Amino acid sequence: MNLCKQKALYVKACVIVNGVADYHGDTLMQTDIKKIFTSYNNQDNFELYHNNIPIEGVSLLENYISANEEVIAGTTIPKGSWNVVIRVDNPEIKQMLLNGDFGGVSLYNRVKTQCSAGLSGNIKYSDIADAECVIPIFISLVDEPANNVGLHIFDYETYIKKSKNGAKKMSFLEKIKALVAEEEANATEPTIKKEKEEIVEEEAEAESEAQEEEKQEEEVNIEKDAESEAEAEAETEEEAEEDTPQEDVDSLKEEIKELKEQIAKINEILAQNNEDDAKEVEEEASEEKPVITKSQKINVTNEEKTQTKNIFEMTGRDPVTGIKIRK
């Protein structure tokens, strides 16, 4: 990618507005905004529409908590808000910006494991007891930002002029404080590399779940075959009981007893498999990490689970005698 700062676009945006409720009813004050701001470690981690895929050619030039009131895309942003300036060299993203495809930016956040008890899926800031638990992963370009603040787009010359007129250098004390905050964040928060590894692990888990579903389908087919065979054998035994001479009754009873033992073993195996599957599902569910996405579009899905009947319920047989119940 040919990088030329004179040909790049420069975009100013507000990530979190201080003291103003967003589309989801979340309101964050400056103290909590700073807690989240100082947990954002990666400087060039951008995505589109919360797809969790980093994009190239988009970099972060300015990342700050505003000391004064500012106007961005016609919206007055109070001081204490989290604002950014982004440089865009990616030609496709530049064209999308010029086409008006993006309405603002939105954070994609994870929640620390120790803070996620009882939480799952897409949650709000207000669901978290302490903003220190929020870990920003991506700044996402979206069409409908939850904070309803648009994007201010500059060319190189305009950006340079505004920077000369409005730039404020950090004092030595401010630089020291920023370095301390960054070191504390790096010491307590996982790096973006680990977060990417978690994404890869989640994809591997999804693939493993698909394989597990195929395995379960195979087990169901085996179970059905075993049921059909057991039903056929039981019907044969019933016919044999009706036509067999008295001297063979004891022998047939012994065979029925053996069949019951085999069925009991099959039920034990199936029950153990169901228990192991339930444990795996429980473990996976316990590892699910809640996320916070701050755009206006949220999709939530629920999956229904089915229960497996035992072999007697499915074949309509008495669980004691093994004989088919006639209705």
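The values are calculated or read from the model by the stated rules, or taken from the named source; none is laboratory data. This one's a predicted model, so the numbers in the text were calculated from it and none came from an experiment. Glycine gets a Cβ as well: all are built from the backbone with ideal geometry, and neighbour counts include every protein chain shown.
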**Q.** Residues being among the β-branched types (V, I, T) and over 29 Å from N122 (Cα atoms) - total across segment 61-87
**A.** 1
(Q) Just checking, does segment 159-171 include any residue being among the aliphatic types (A, V, I, L, M), modelled with pLDDT of 85 or more and touching a strand residue (DSSP E or B) at 6+ places or on another chain (Cβ under 6 Å)? (A) no
**Q.** Lone unmet requirement of (1) in a helix (DSSP H, G or I); (2) within 23 Å of Q43 (Cα to Cα); (3) modelled with pLDDT under 65 for E238
**A.** (2)
Q | Conditions (1) over 29 Å from Y156 (Cα atoms); (2) modelled with pLDDT under 95: number failed by M1 | A | (1)
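Restricting to segment 103-130, name every residue that is aliphatic (A, V, I, L, M) and in a loop (DSSP other than H, G, I, E, B).
Keep residues of segment 103-130 that are aliphatic (A, V, I, L, M), which gives 105, 107, 111, 117, 119, 123, 128-129.
Hits for segment 103-130 are A117, L119, I123, I128, A129.
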Q) Could you give every pair whose Cβ atoms fall below 9 Å, whose first residue belongs to segment 205-224 and is modelled with pLDDT under 75, and whose second residue is among the aliphatic types (A, V, I, L, M), counting only separations of at least 6 or pairs across chains? A) E219/L270; E223/I266; E223/L270; E223/I311; E223/M314; K224/M314
Q. Which one of V85, V71, V15 is in contact with a Leu (Cβ under 7 Å, 6 or more places away or on another chain) and more than 20 Å from V134 (Cβ to Cβ)?
A. V85
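Could you tell me whether L28 is surrounded by fewer than 20 Cβ atoms within 10 Å (Cβ to Cβ) and at negative phi?
Details: surrounded by fewer than 20 Cβ atoms within 10 Å (Cβ to Cβ): no; at negative phi: yes.
In short, no.
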(Q) With the structure loaded, tell me whether I72 is in contact (Cβ under 8 Å) with a residue 24 or more places away in the chain, touching a Cys at 6+ places or on another chain (Cβ under 7 Å) and buried (at least 17 other Cβ atoms within 10 Å of the Cβ) or whether it fails that test. (A) yes
(Q) So for segment 79-102 (the condition being surrounded by fewer than 17 Cβ atoms within 10 Å (Cβ to Cβ) and part of a strand (DSSP E or B)), does at least one residue qualify? (A) no
Q | Condition met for E144 (within 17 Å of Q296 (Cβ to Cβ), of a type in the set (D, E) and surrounded by fewer than 24 Cβ atoms within 10 Å (Cβ to Cβ)) | A | yes
Q) Looking at (1) touching a residue at least 60 places away in the same chain (Cβ under 8 Å); (2) out of contact with any helix residue (DSSP H, G or I) (no Cβ under 9 Å at 6 or more places or on another chain), which is the one condition that is false for I93? A) (1)
